[in-house]
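The values are calculated or read from the model by the stated rules, or taken from the named source; none is laboratory data. These numbers were taken from a predicted model, which means no experiment stands behind them. Here Cβ is always computed from backbone atoms with ideal geometry, including for glycine, and neighbour counts include all displayed protein chains.
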Amino acid sequence: MTPPPLPVGALIEATVAWLLAHGQGLFSVVALVIGGLYGVFAVALSAVPASVVVVAFCGLALWRSGWQLACTVSISFSLVVGMGLWTDLVATLALLLTATLLSLTLGLPLGIWCARSNRVDRLVRPLLDLMQTMPAFVYLIPAVMFFGLGRVPGVVATVVFATPPAVRLTNLGIRQVPRELVEAGLAFGCTDLQLLFKVQVPSALPSILAGVNQNIMLSLSMVVIASMIGAGGLGDGVLRGIQRLDVGLGFESGIAVVLLAVVLDRLTESFGRRRQAESQPETR
């Protein structure tokens, strides 16, 4: 006799229905915050000419890494402008900044909490496993049910998808701080907060910045997927290319996404490399 299937789907549907019935106030506040953040980033980026944005990114690349990265940034953004996709790139960048800011606001404190409490770490780890292994498209379903179509559910799904690396690498970095440094801080009379922010976080900064880098990369990939629910940006071009079987349109938008990803990856990586080099003792 075959046992009856477990009612996992029914339980999830009941939970979603309860949240829809009792959580509209919270969802409205979340939508207002996300919409406001996106509006600030979108207006600020749109108000600045493309040439100014490119020069600013090139200057940042020159400062952090040198002329090679600056040339890479200049060529990448020039190609995007030449393909006529700058407006879509600005929309994607605004979505990415919104999702990354919210994700890091949640992920970094949670990672610190996990590092300082084994009990919290044991409780959070299965949730992070679930968030990282769940197919990305699944997050779009509850996001649409709670927030409708548009940019807000796209940002919500992106935050859920991209937060785990920031939590994990922050937790790992703080736990790997040498015990000698912690004991030295305690010997000099550091309080818990002083020990955290003056000893542990600075020592763990390369690992934390690696988490920020992974967070940005995952956010960018999810922002493109979120175009399926009306998030806009470069993902719209990819989606239209699929719908029309237009190879050229799809590849143009895809190339723009790749160029943006390369620029952001190299820039954020340069911060981590510089910090790691500064933290290593000099050898004679």
LEU108 passes all but one of (1) on the phi < 0 side of the Ramachandran plot; (2) free of Cβ contacts under 8 Å to residues at least 40 places away in the same chain; which number fails? (2)
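For LEU234, state whether it is crowded, with 22+ Cβ neighbours inside 10 Å, within 23 Å of PRO164 (Cα to Cα) and either in contact (Cβ under 8 Å) with a residue 40 or more places away in the chain or of a type in the set (Lys, Arg) (or both).
Working: crowded, with 22+ Cβ neighbours inside 10 Å: yes; within 23 Å of PRO164 (Cα to Cα): no; either in contact (Cβ under 8 Å) with a residue 40 or more places away in the chain or of a type in the set (Lys, Arg) (or both): yes.
Considered against the rule, which asks whether it is crowded, with 22+ Cβ neighbours inside 10 Å, within 23 Å of PRO164 (Cα to Cα) and either in contact (Cβ under 8 Å) with a residue 40 or more places away in the chain or of a type in the set (Lys, Arg) (or both), LEU234 comes out as no.
Residues that are closer than 15 Å to LEU259 by Cα, at least 3 per element: which helices (runs of 4 or more DSSP H) completely within segment 1-115 meet that?
Values: elements: 8-22, 24-47, 50-64, 67-82.
Hits in segment 1-115: 50-64, 67-82.
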Specify the residue that is nearest to GLY36 (Cα to Cα); the eligible residues are those in segment 90-144 that are of a type in the set (Ser, Thr, Tyr) and surrounded by fewer than 20 Cβ atoms within 10 Å (Cβ to Cβ). THR105
Picked from segment 237-284 (must be hydroxyl-bearing (Ser, Thr, Tyr), at pLDDT below 85 and closer than 21 Å to LEU209 by Cα), the residue surrounded by the fewest Cβ atoms within 10 Å (Cβ to Cβ) is SER279
Every listed condition ((1) more than 16 Å from ILE112 (Cα to Cα); (2) buried (at least 21 other Cβ atoms within 10 Å of the Cβ)) holds for LEU169 save (1)
Determine whether VAL155 is free of Cβ contacts under 8 Å to residues at least 40 places away in the same chain and more than 9 Å from the chain's Cα centre (by Cα). no
List the residue pairs whose Cβ atoms are under 9 Å apart, where the first residue sits in segment 47-76 and is on the phi > 0 side of the Ramachandran plot, the second is of a type outside the set (Ser, Thr, Tyr) and assigned to a helix (DSSP H, G or I), and the two are 6 or more positions apart or on different chains. none
Given the conditions (1) modelled with pLDDT under 90; (2) surrounded by 11 or more Cβ atoms within 10 Å (Cβ to Cβ); (3) of a type outside the set (A, V, I, L, M, F, W, C), which single one is not true for GLY25? (2)
